[in-house]
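What follows draws every value from the coordinates through simple rules; no lab data is involved. In this text, all values refer to a predicted model and were calculated from it rather than measured experimentally. So basically every Cβ, Gly included, is an ideal-geometry build from the backbone, and we count neighbours across all protein chains shown.
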Amino acid sequence: MANIKTNTDRTEAVILDANGIPTSMPTQMITAEEAALLRLYKKFLHAHGIREAVHCNECYQGAQHDGMEAWVTDSEIMWKCRHRVLYYKGQSY
């Protein structure tokens, strides 16, 4: 993620495509409460040896690829599908 302009709970993100060309997509900010829940969920999965797969219902309905890229770290959370990004920057605990 190269550039983020933030207003209340929405932002515009610049994502690089497979060829390194910037592409903009709608980005919704995840709340601190949601980030804390996601981090607890990821700890639970790790503790029990569970691997997850995430899919976007809207992309599935549109007959596009429905898989998502997702990561949850101590400092950043991002879930990206073909039509949007869910994003959180910072700690939540």
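In segment 42-69, what count of residues is obtained for those that are surrounded by 13 or more Cβ atoms within 10 Å (Cβ to Cβ), touching an Asp or Glu at 6+ places or on another chain (Cβ under 7 Å) and either assigned to a strand (DSSP E or B) or of a type in the set (Ser, Thr, Tyr) (or both)?
1
Please go through segment 36-88 and pick out each residue that is among the acidic types (Asp, Glu) and touching a His at 6+ places or on another chain (Cβ under 8 Å). First the steps, then the outcome.
Narrowing segment 36-88 to residues among the acidic types (Asp, Glu): 52, 58, 66, 69, 74, 76.
Once the filter is applied, which keeps residues that are among the acidic types (Asp, Glu) and touching a His at 6+ places or on another chain (Cβ under 8 Å), segment 36-88 yields GLU58, ASP66.
Might you let me know whether segment 70-77 holds any residue that is of a type outside the set (S, T, N, Q), surrounded by 14 or more Cβ atoms within 10 Å (Cβ to Cβ), in contact (Cβ under 8 Å) with a residue 24 or more places away in the chain and under 15 Å from GLN28 (Cα atoms)? Walk me through it before giving the result.
Going residue by residue through segment 70-77, those that are of a type outside the set (S, T, N, Q) are 70-72, 74, 76-77.
Those still in the list that are surrounded by 14 or more Cβ atoms within 10 Å (Cβ to Cβ) too: 70, 72, 76-77.
Checking the rest, the ones that are also in contact (Cβ under 8 Å) with a residue 24 or more places away in the chain come to 72, 77.
Add one more test, that the residue is under 15 Å from GLN28 (Cα atoms), and what stays is 77.
Yes; the residues of segment 70-77 include at least one that is of a type outside the set (S, T, N, Q), surrounded by 14 or more Cβ atoms within 10 Å (Cβ to Cβ), in contact (Cβ under 8 Å) with a residue 24 or more places away in the chain and under 15 Å from GLN28 (Cα atoms).
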